[in-house]
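Colleague: Following this message is one structure expressed as structure tokens.
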Amino acid sequence: MTDTPSSLSLADANRQLFTRYAALIAAQDSPDLLGEDPRLSQDNLAWMCAEGARLAGDMPDDKASRWLGFIQGCLAMRRLIDVDAERDITRPLFHAAARARGIDPGPTRAREGGSSDGV
């Protein structure tokens with residue numbers, strides 16, 4: 001992951017994450033046990049990452065967020081990413097992108113009933 005500049009655009013943050021996830025998927029050499037459903041397959045996730053990275057500046061923000069969330073969920077289910085570790089990677093990117101847009105990302109919220117520090 002690259003350093004997080006204070007002027008990072010949301011498209012750049014999304015592009016970095018799509019590229020990161022594409023590399024994680026490409027590095028897999030184990031059977032794709034969730035690939036029985038083509039929408040959940042590593043091939044489809046890799047395609048989504050490639051398209052997301054290519055279209056990051058043109059894709060609507062909400063669509064990019066949905067795609068990233070779907071990819072993250074599938075990668076977490078495959079145990080290719082750790083939810084807590086990924087939050088620590090993505091939070092600085094998205095906070096920098098928010099600040100670059102003049103948006104205060106606000107305080108980090110603690111999750112009730114758990115030890116995680118929330119999102």
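Colleague: Which one, Ala53, Ala64, Ala27, has the greatest fluctuation when you compute a Gaussian network model over the chain with C-alpha springs under 10 angstrom?
Modeller: Ala27
Colleague: Count charges around Ala53 for me, please; just the other residues with Cβ under 12 Å from its Cβ, Lys/Arg as +1, Asp/Glu as -1.
Modeller: Details: positive: Arg15, Arg20, Arg54; negative: Asp12, Glu51, Asp58.
Charge balance in the 12 Å sphere: 0.
Colleague: Region 27-119: D in µm²/s via Stokes-Einstein (Kirkwood Rh, Cα pairs, 20 °C, 1.002 mPa s)? Walk me through the numbers before you get to the answer.
Modeller: On the way: Rh = 15.1 Å.
Stokes-Einstein gives a translational diffusion coefficient of 142 µm²/s.
Colleague: Further, regarding this structure: In nm, to one decimal, how far is the Asp37 label point from the Ala98 one, both placed 7 Å along Cα→Cβ?
Modeller: Here the answer is 3.0 nm between the modelled labels.
Colleague: Could you list the GluC sites (Glu not before Pro) in region 14-95 that lie in coil according to DSSP, counting only those with at most 10 other Cβ atoms within 10 Å of their Cβ?
Modeller: Values: sites: Glu36, Glu51, Glu86; in loops: Glu36.
The qualifying sites are Glu36.
Colleague: Using the count of nearby Cβ atoms within 10 Å as a rough guide to exposure, how do Leu55, Leu75 rank from fewest to most? Provide the component values of the computation, followed by the final result.
Modeller: Numbers: Leu55 17, Leu75 21.
Final ranking by Cβ density, sparse to dense: Leu55, Leu75.
Every number in this text was worked out from the coordinates using simple rules, so none of it is lab data. Remember, predicted model here, so these are calculated numbers, not experimental data. Cβ coordinates were reconstructed from backbone atoms using ideal geometry, including for glycine residues, and neighbour counts include every protein chain displayed.
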